[in-house]
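Quick notes on the structure that follows.
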Amino acid sequence: MKNLLRFTFTFAFIFVAFSLLGQSKSELRQKIERNQKEIRVANDILDETQASRKSTLNELYILQKRIELRNDLITNLNNQISNLDNEIEVNREAVKKLEEDLEVLKEQYAQIILAAYKHHKGFNRLMFILSAESFNQAYKRYKYLHQYAKYRRNQATKIKAKAEKLRYKIKEYENLRDQKESILSQKTSERYKLKYETRQVREQIRDLKQKEEQLRKDITQKKNIIAQLEDEIQKIIEEERRKTNRWRNLSADQKRISTSFEQQKGELPWPISNGIVTRQFGENSHPVLKGIKLNNNGIDISTMQNSSVRCIFEGVARKVVAIPGANLTVIIRHGNYLSVYSNLIDVDVQPGQRIQRGQVIGQVFTDQSNSENVLHLEIYHENQKLNPEEWLK
């Protein structure tokens, strides 16, 4: 009974371990595919950006983002190699155990054959049964011979099955080793690319340091844009607070949209199909000017030319405003949430218009002088700034 319980526990443990390993492999594969996709997007954006033959701050942001993605990819490849090492060890032990079991079965079978040869040399089965003293004894002799023959067949079947399982495990073991070699080769390639890209970033920073005066002017302009945008958003927030008695008296439709929006946290669609986050929410250190911090009320998404911008959730357009340096900004209300899309052109919505999730509201402006295409996205809950990356899928 104890042996049975021990076997059951061991089997259950191995089953759970392999299940968890399988989930981990799947998650890692998805992460690696996501890393690779974002790196491809970064490369495509850089191909457009570098056509201007100018060193720009946004290009530096993209280069730095690509290094971050490359490091993530290498980390995930290392985790994948670690998982494969564990699998290889499990399979190596399984192969070893199967080989031992097969040897035992073959030895047992050899002993059976040898014993049969010694005891049954010149042996006549029919005479053995007929020479019985009674019918009952004859029947027992018959059953003995039948069971003995069956036992030999079973042993032969076991050997065949065990040998087949061993061949399968050896093949699986070899496949795992091949996978590991392939991933190690990919990791080496990614490290070479990382080394080259790190050198690119250093060169870009060196070039931009020669434009310090212009960079400081750009920071001042950026702060003015942020201040104007915040002012417009605060006006809308205060207006909505007055209308709804501090957001308490929402209509049934507004309550439904608010609840649905909140339930979609982490699942909202990206406003553009191909882009990467190059400036994150909150305080960011300036990549060139030491000691300077830049605050971001949302996220900046670098993308390709002529990229369409889509609304992340159903709602009502509250305002379309032109801000110098940020082109057109669209503010959409989703109950007591707001989403803000800046640096747009060709805006095709009007204040008061009902907007559907995924509806195109405009295009990202392209700065032809620098080949830059950057969408600025903000999300608010009443007057609280939220990190859009935590809300997007």
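A few remarks follow.
- Condition check for Ala94 on (1) farther than 30 Å from Thr366 by Cα; (2) at pLDDT below 75; (3) part of a helix (DSSP H, G or I); (4) among the small types (Gly, Ala, Ser): one failure, at (2).
- Selected residue (only one of Arg242, Arg246 is without any contact (Cβ under 8 Å) to a residue 24 or more places away in the chain, exposed (fewer than 15 other Cβ atoms within 10 Å of the Cβ) and on the phi > 0 side of the Ramachandran plot): Arg246
Yes/no per residue for (1) at positive phi; (2) free of Cβ contacts under 8 Å to residues at least 24 places away in the same chain; (3) exposed (fewer than 12 other Cβ atoms within 10 Å of the Cβ); (4) in the same structural domain as Asn43 (by TED's automatic domain parsing):
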{"residue": "Lys171", "(1), (2), (3), (4)": "no, yes, yes, yes"}
{"residue": "Ser182", "(1), (2), (3), (4)": "no, yes, yes, yes"}
{"residue": "Gln186", "(1), (2), (3), (4)": "no, no, no, yes"}
{"residue": "Lys195", "(1), (2), (3), (4)": "no, yes, yes, yes"}
{"residue": "Lys222", "(1), (2), (3), (4)": "no, no, no, no"}
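- Any hit, the stretch 51-62, residues being without any contact (Cβ under 8 Å) to a residue 60 or more places away in the chain and of a type in the set (Val, Ile, Thr): no
- Checklist (1) under 24 Å from Tyr341 (Cβ atoms); (2) surrounded by 13 or more Cβ atoms within 10 Å (Cβ to Cβ); (3) of a type in the set (Asp, Glu) applied to Asp207, failing item: (1)
- Single residue of the stretch 289-315 satisfying the filter (among the β-branched types (Val, Ile, Thr) and crowded, with 17+ Cβ neighbours inside 10 Å) that is farthest from Gly352 (Cα to Cα): Thr303
- Among (1) in contact with a strand residue (DSSP E or B) (Cβ under 9 Å, 6 or more places away or on another chain); (2) more than 21 Å from Leu46 (Cα to Cα) - the single one Pro324 does not satisfy: (1)
- Top-ranked residue of the stretch 312-371 - restricted to ones that are outside any strand (DSSP E or B) and among the acidic types (Asp, Glu), ranked as farthest from Ser302 (Cα to Cα): Glu314
Listed here are the residues, each with its yes/no results for (1) farther than 19 Å from Trp391 by Cβ; (2) free of Cβ contacts under 8 Å to residues at least 40 places away in the same chain.
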site: Gln200; (1), (2): yes, no
site: Gln210; (1), (2): yes, yes
site: Gln214; (1), (2): yes, yes
site: Lys265; (1), (2): no, no
site: Ile272; (1), (2): no, no
site: Leu289; (1), (2): yes, no
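The values are calculated or read from the model by the stated rules, or taken from the named source; none is laboratory data. Only a predicted model underlies this, so the values are computations on that prediction, with no experimental measurement involved. Virtual Cβ from ideal backbone geometry, glycine too; neighbours counted across all protein chains shown.
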